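The values are calculated or read from the model by the stated rules, or taken from the named source; none is laboratory data. Because the structure is predicted, anything quoted here is derived from the model rather than measured. Cβ placement follows ideal geometry from the backbone for every residue including glycine, while neighbour counts extend to all protein chains displayed.
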Amino acid sequence: MDKSRAKRVEHDKVRMSLIALVAIFSVSICVLGSIIGYKIYTKQSFEQKIESLKKEKDDQLSEGNQKDHFRKGQAEVIAYYPLQGEQVISSIKGIMTQDIKDNLEDKENLVFYYTEKQDSTLKGIVNRSVMKQVYDLTSSKVEETEKTSLAKVHLTEDGKPFTLDQLFSDPSKAKEQLLKEITTFLQDKKLEQEKIDQVVKGFSDQDLSAWNFDYKDSQIILYPSQSVENLDEIALPVSSFFEVIQSSYLLDKDAELYKAYYEKKNRKVVALTFDDGPNPATTNQALDTLSKYGIKATFFVLGKNVSGNEEILKRMKSDGHAIGNHSWSHPVLSKLSLDEAKKQITDTEDALTKVLGSSSKLMRPPYGAITDDIRNSLDLSFIMWDVDSLDWKSKNEASILTEIQREVKNGSIILMHDIHAETVNALPKVIDYLKGQGYDFVTVPDLLDSRLKAHQLYYDRDQ
């Protein structure tokens with residue numbers, strides 16, 4: 001009986017083990033089925049997301065574009081090449097295909113290439129940004145990992161590339177002016193000369209048609225081929241290029257500025273300038289004459305003459321005249337060391353600023369003698385002249401007038417000295433003659449206007 005009972009117990013154990021195994025197997029089958037089902041569902045959902053994204057892009061971009069859909073390695077690429085009529089715009093397609101060739105990663109990515117239209121900033125020119133958008137397909141989230149503007153392309157209304165040289169009536173002269181303005185811009189940023197030369201050379205070595213540019217907010221924006229000290233763009237005011245720009249491309253505000261520029265340029269003007277003062281015996285008389293005629297002039301002052309003549313300087317300013325720097329003691333600056341030359345100028349700047357509260361940022365080197373090193377080391381504009389009255393030499397009223405009559409032209413900067421009685425006495429005759437010839441009188445800053453830049457030399461309104 002004990003044996004029979006033992007057998008039943010053993011049999012029950014076996015039966016329970018089999019039941020447990022069956023249960024485990026059933027659960028495993030269910031779990032496995034669930035996993036497989038989930039994976040199938042997840043895959044289907046993932047694929048639906050991808051297809052939904054493709055359809056969304058297609059709905060947005062199919063019109064006006066030619067679609068190209070292919071694989072390169074593991075990447076799936078969909079490119080939308082814009083059409084002009086029935087023809088692909090080859091310049092944009094070239095940018096896309098070059099990026100595919102050079103930069104497309106061999107990964108499980110979905111990559112879109114397309115263009116976005118931008119606001120027009122030049123008349124008759126269409127702006128498009130060439131875009132690249134990358135989605136990572138290695139997870140089930142379809143995550144955007146990159147959205148980049150490869151380039152901004154300017155196109156004419158018939159779909160042809162519009163390059164920077166086409167903006168100008170004289171591309172050669174424009175390039176020369178652009179390089180000059182780039183240099184000034186970089187100097188204002190306090191870059192080392194070696195780095196300035198590097199950036200300028202990068203532009204100079206390229207044809208103007210190859211320069212990467214934009215145009216916005218009344219500025220020409222240039223993009224160096226290589227960033228220098230985090231400087232990614234160079235912004236230059238369009239007004240600096242009115243002499244060479246094709247005005248037919250200008251819109252609204254810029255067209256008005258262009259018109260005003262030439263209205264002002266066509267007006268007959270000269271700038272009277274006086275050096276070496278103040279001299280209490282003569283400068284006040286010159287100021288009286290200028291006040292009588294309602295004329296504004298420019299005075300280049302010696303630093304050593306500031307002390308004791310503060311009221312004369314304040315009168316100059318209150319009468320609306322411009323006041324500039326003529327060194328401290330009138331040396332030949334080019335014969336001094338750089339530090340000595342700078343001290344002559346900065347000491348005078350300090351003295352003038354103390355009296356007047358600010359600097360005009362104008363400097364006239366004695367005898368017109370200046371070096372590039374001096375100019376580039378100081379944030380001042382250097383004002384020369386194209387008409388020398390030779391008053392310092394003749395000290396004769398008639399001769400002073402004769403010299404001015406012989407040399408003056410529209411936009412001239414006339415050099416005189418307010419320390420000589422003969423000059424001051426000749427001034428009414430000079431003014432009467434110039435007014436009789438139809439000239440108006442302006443200060444140097446008004447004459448040069450937007451052309452006035454630090455470090456540059458100016459001889460008259462046009463050079």
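Quick look at the numbers
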{"read-out": "Matching helices (runs of 4 or more DSSP H) fully within region 319-417 where at least 2 residues are assigned by TED's automatic domain parsing to the domain that holds Asp432 and surrounded by fewer than 16 Cβ atoms within 10 Å (Cβ to Cβ)", "value": "338-356, 372-377, 397-407"}
{"read-out": "Residues satisfying the stated conditions in region 97-152, i.e. among the basic types (Lys, Arg) and either over 24 Å from the mean Cα position of the chain (by Cα) or not assigned by TED's automatic domain parsing to the domain that holds Tyr80 (or both)", "value": "Lys101, Lys107, Lys132, Lys141, Lys147"}
{"read-out": "Residue list for region 289-318, filter: hydrophobic (A, V, I, L, M, F, W, C) and either assigned to a helix (DSSP H, G or I) or within 23 Å of Ala341 (Cα to Cα) (or both)", "value": "Leu290, Phe299, Phe300, Val301, Leu302, Val306, Ile312, Leu313, Met316"}
{"read-out": "Yes/no for Asp432 being within 17 Å of Ala286 (Cβ to Cβ) and surrounded by fewer than 17 Cβ atoms within 10 Å (Cβ to Cβ)", "value": "yes"}
{"read-out": "Of residues in region 148-168 being hydrophobic (A, V, I, L, M, F, W, C) and assigned to a strand (DSSP E or B), the one farthest from Leu250 (Cα to Cα)", "value": "Leu150"}
{"read-out": "Answer residue from region 355-386, given it is more than 33 Å from the chain's Cα centre (by Cα) and in contact (Cβ under 8 Å) with a residue 40 or more places away in the chain and is nearest to Ala426 (Cα to Cα) among those", "value": "Pro366"}
{"read-out": "Among (1) of a type in the set (S, T, N, Q); (2) in contact with a strand residue (DSSP E or B) (Cβ under 7 Å, 6 or more places away or on another chain); (3) more than 23 Å from Phe213 (Cα to Cα); (4) part of a helix (DSSP H, G or I), the one test that Thr145 misses", "value": "(4)"}
{"read-out": "Some residue of region 191-204 being outside the structural domain of Asp379 (by TED's automatic domain parsing), over 30 Å from Glu56 (Cα atoms) and assigned to a loop (DSSP other than H, G, I, E, B)", "value": "yes"}
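Conditions tested, residue by residue: (1) loosely packed, with under 15 Cβ neighbours inside 10 Å; (2) β-branched (Val, Ile, Thr); (3) part of a helix (DSSP H, G or I).
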position: Ser225; (1), (2), (3): yes, no, no
position: Ala235; (1), (2), (3): yes, no, no
position: Ser239; (1), (2), (3): no, no, yes
position: Glu243; (1), (2), (3): no, no, no
position: Ala255; (1), (2), (3): yes, no, yes
position: Glu263; (1), (2), (3): yes, no, yes
position: Arg267; (1), (2), (3): yes, no, no
position: Thr273; (1), (2), (3): no, yes, no
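A quick yes/no check of all residues on (1) touching a Gly at 6+ places or on another chain (Cβ under 8 Å); (2) in a helix (DSSP H, G or I); (3) at pLDDT below 90; (4) of a type in the set (D, E, K, R):
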{"site": "Asp12", "(1), (2), (3), (4)": "no, yes, yes, yes"}
{"site": "Ala20", "(1), (2), (3), (4)": "no, yes, yes, no"}
{"site": "Ser26", "(1), (2), (3), (4)": "no, yes, yes, no"}
{"site": "Lys39", "(1), (2), (3), (4)": "no, yes, yes, yes"}
{"site": "Lys43", "(1), (2), (3), (4)": "no, yes, yes, yes"}
{"site": "Asp58", "(1), (2), (3), (4)": "no, yes, no, yes"}
{"site": "Gln66", "(1), (2), (3), (4)": "no, no, no, no"}
{"site": "Asp102", "(1), (2), (3), (4)": "no, yes, no, yes"}
{"site": "Tyr114", "(1), (2), (3), (4)": "no, no, no, no"}
